[in-house]
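Each value in this text was obtained by applying a stated rule to the coordinates, not by laboratory testing. Remember, predicted model here, so these are calculated numbers, not experimental data. Quick reminder, even Gly has a Cβ in these numbers, built from the backbone with ideal geometry, and neighbours come from all protein chains shown.
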Amino acid sequence: MGHNSPQLFPAPAEDLCGKEIVQIAAGENRVLGLTRNGQLYVWGNGALKPRRIFGKLDGLVVSDVASSAHFGVAVTQSGEVFAVKQGVFFKSPQTRRISLPSSVLKVKAVACGPHASLLLSGDGRVFQVDNGHCRASLVEELEDRPVSKIACGADVNLALTREGHLYCWSYKPDFFLSQTFPYRSRPTPVSPGHQVFVDVAASFWSGFCAVGTLEGKILVFGQCLGRALRVPEEVTVESLREAAAYYSKPPVTHEPLTFGNDPTPVGSVGQSWRLAFDDQASSDLRFVLDGQVVNVHKAFLVNRSEYFRNLFLEDGQEIGKLEVAVPHISVPKPLSFLAFRSYLSYLYTDTFEATFSEASELLRAASFFGDTHLFKRCQYVLQAGLQVDNAAALFKTALDYGARDLEDQTFQFCFRHLKAVSQTESFKSWDDGTSKRFIERIVTERV
């Protein structure tokens, strides 16, 4: 990473081999790497080989590092904090001490944003650092509310208190979470549904933000797959890391990479069900479609899907069968085996990886099976791939399956690019109902 040499596969950084890198923080054109013995290296920004950062860090042991596009923060084992600014082309980064009050004995967490960075002291106080002048100031509004976690997005700071309350403040007037949460330059509580939060994530690259609740739910907001979510929305993922990888555009990690820790322990319930999908040895049911077979577990599907619960518990003729032939789902096109298998895989894994064309077919599957979470996620993928040549077709798809979010996005796109969209074959093949709905929306929007 960061070597400015285009290639398809990762290449080993020979100069770092054997140095035991334990943490990586990536900026826009450079990468910071922290070794187990506390040495900090940098590569990228025109420099092909990793170089150790000295300057004011010479002789000090670094224990933590974070980075935004051009600004980084390094925390030493003795509690000192240093700014690591990106150097001029081919030059080493500049290091500068960040002054903190003498009462701060330990900095336990750092987060970097494009405009400012956050430091979290051991006693739960939050300090905001001006990236331009490297000055740290106490966030007074949170002084009496001990904070456990911090995060920096593209234009927003997030702080999670030990009591599970989330506070948010922004740099831009157009950032807000709802009509009742306008722009605030100072911390303001955010409590959708009065939930208790236990974790928080944000990306300075994309504007993506997410929180995890005490009940294990994950909510995303901000910029998610090209959509601006003003209200935190629950999604079906297992972790903030998975949410950041899927809903952020481009996909990123919400925190610096660390090595040596497996986030998904082997033998966990989720991992066990992942391994059980399409396992012929343990399955007690086979679905057959187009002559192809997928192996599943009846009890699991009954508890996972309302559709399959009705199929196996209310339709007595299916109980006890070891093989079920799946009829073609003709609404309006037959569902392929690949899409049907992908849907079953989603039920087992809670993960969703689909191309644009696959998402269109899975949208139909989600509509047929009544899966609202998958229905939303398919819409996100389709919205992210919205272009002139497919906008008219997606607008009709949204109408066919009642995908209101997709309808809104495609309508706005078609309206803004009406001259180009109207020349496509998909637009010319609209039926009367689709054309009527489009005209109705134009009249409504104008009103």
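Gain on full extension, evaluated as 0.36 nm per residue between Val198 and Thr351 minus their Cα-Cα distance, stands at 52.9 nm. For Lys85, the aspartates and glutamates whose Cα comes closer than 20 Å to its Cα, not counting residues fewer than 8 places off in the same chain, are Glu28, Asp58, Asp64, Asp130, Asp155, Glu255. A straight chain from Lys85 to Asp408 at 0.36 nm per residue would run longer than the Cα-Cα distance by 112.0 nm. Here the calculated FRET efficiency for Arg241 and Leu313, from their Cβ-Cβ distance with R0 = 51 Å, stands at 0.90, rounded to the nearest 0.05. Projecting label points 7 angstrom from Cα along Cα→Cβ for Phe368 and Asp279 puts them 2.8 nm apart.
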